[in-house]
1. Could you check the simple spin-label distance between residue 26 and residue 3, using points 7 Å along Cα→Cβ, in nm with one decimal?
2. So how tilted is helix 121-130 from the main axis of the chain? Cα-based, degrees 0 to 90, rounded to 10.
3. Based on the Cβ-Cβ distance of residue 161 and residue 35, what FRET efficiency does E = 1/(1 + (r/R0)^6) give at R0 = 25 Å, to the nearest 0.05?
4. Specify which residue in the list 48, 61, 12 is farthest towards the positive end of the charge dipole of segment 1-116, using unit charges on the beta carbon of Lys, Arg (+1) and Asp, Glu (-1), about the Cα centre.
5. Past 27 Å, Cα to Cα, is the threshold; run 50/106; 101/155; 13/52; 18/163 against it and keep the listed order.
6. With the crude spin-label approximation of a point 7 Å out along Cα→Cβ, what separation in nm comes out for residue 86 versus residue 168?
7. Only helical DSSP H runs with n ≥ 4 go in: add -39500 (n - 2.57) per run for the chain, normalise by residue count and round the 222 nm mean residue ellipticity to 500 deg cm²/dmol.
8. Please identify the longest segment of the chain free of exposed trypsin sites (Lys or Arg not before Pro), where exposed means a DSSP state other than H, G, I, E or B and no more than 10 other Cβ atoms within 10 Å.
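Read-outs throughout are calculated quantities, based only on the coordinates presented, and are distinct from any laboratory measurement. Just so we're clear, the structure is a prediction, and the values are computed from it rather than from any experiment. We place every Cβ from the backbone using ideal geometry, glycine too, and count neighbours over all the protein chains shown.
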Amino acid sequence: MKKIIAFAGSSSKTSINKQLVTYAANQFENASVEVLDLNDYEMPVFSVDKQKEHGIHALATDFYEKLGSADLIVISFAEHNGNFSTAFKNVLDWASRINAKTFQEKEMLLLATSPGARGGSSVLDIATKRFPFQGGIVKGSFSLPSFNDNFDSEKGITNDELKNQLLEIIKSI
């Protein structure tokens with residue numbers, strides 16, 4: 001059985017990316033899914049001075065170990081000003097101090113969504129290009145545009161063409 005660690009790159013309690021990542025991770029067959037919440041990994045803003053004074057934050061170590069326990073990592077990114085949310089970037093910055101190859105050569109499915117028509121495509125592009133340098137093996141990526149028009153909290157993706165696109169990516173992983 002494949003172990004999936006999934007999370008949204010958002011700290012919003014009503015995150016649409018958490019809804020998408022939970023839905024997507026649960027489409028894999030023969031898999032156990034653990035959905036993390038970035039709010040459980042809230043740490044001081046990373047700085048080398050804080051690291052020097054206090055060492056690596058224990059929550060960064062916990063997060064890094066969770067990633068290491070996965071066979072597949074599934075992330076759905078919130079897009080803040082065209083980039084990662086501060087909550088995700090801070091966890092990534094802390095965890096990268098443990099190992100620059102933060103994703104530990106794990107396979108990854110990268111997702112993004114937003115209320116707009118571009119569906120977080122800018123942040124998704126950044127992640128798909130950057131994560132291989134940080135030990136991520138990006139096996140697929142998917143952007144869901146216009147979340148409110150294409151997703152239902154009970155049914156999942158409601159647009160058949162978009163749903164089939166995601167399911168084909170999942171089958172290929």
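1. About 2.2 nm separates the two model spin labels.
2. 50
3. Numbers: r = 26 Å, r/R0 = 1.04.
For residue 161 and residue 35, the calculated efficiency is 0.45.
4. Going by the Cα projections, it comes out as 48.
5. On the way: 50/106 29 Å; 101/155 36 Å; 13/52 32 Å; 18/163 17 Å.
In this structure, 50/106; 101/155; 13/52 exceed 27 Å between Cα atoms.
6. 4.0
7. Working: 7 runs with 66 residues, N = 173.
Mean residue ellipticity at 222 nm (helix-derived): -11000 deg cm²/dmol.
8. 14-154
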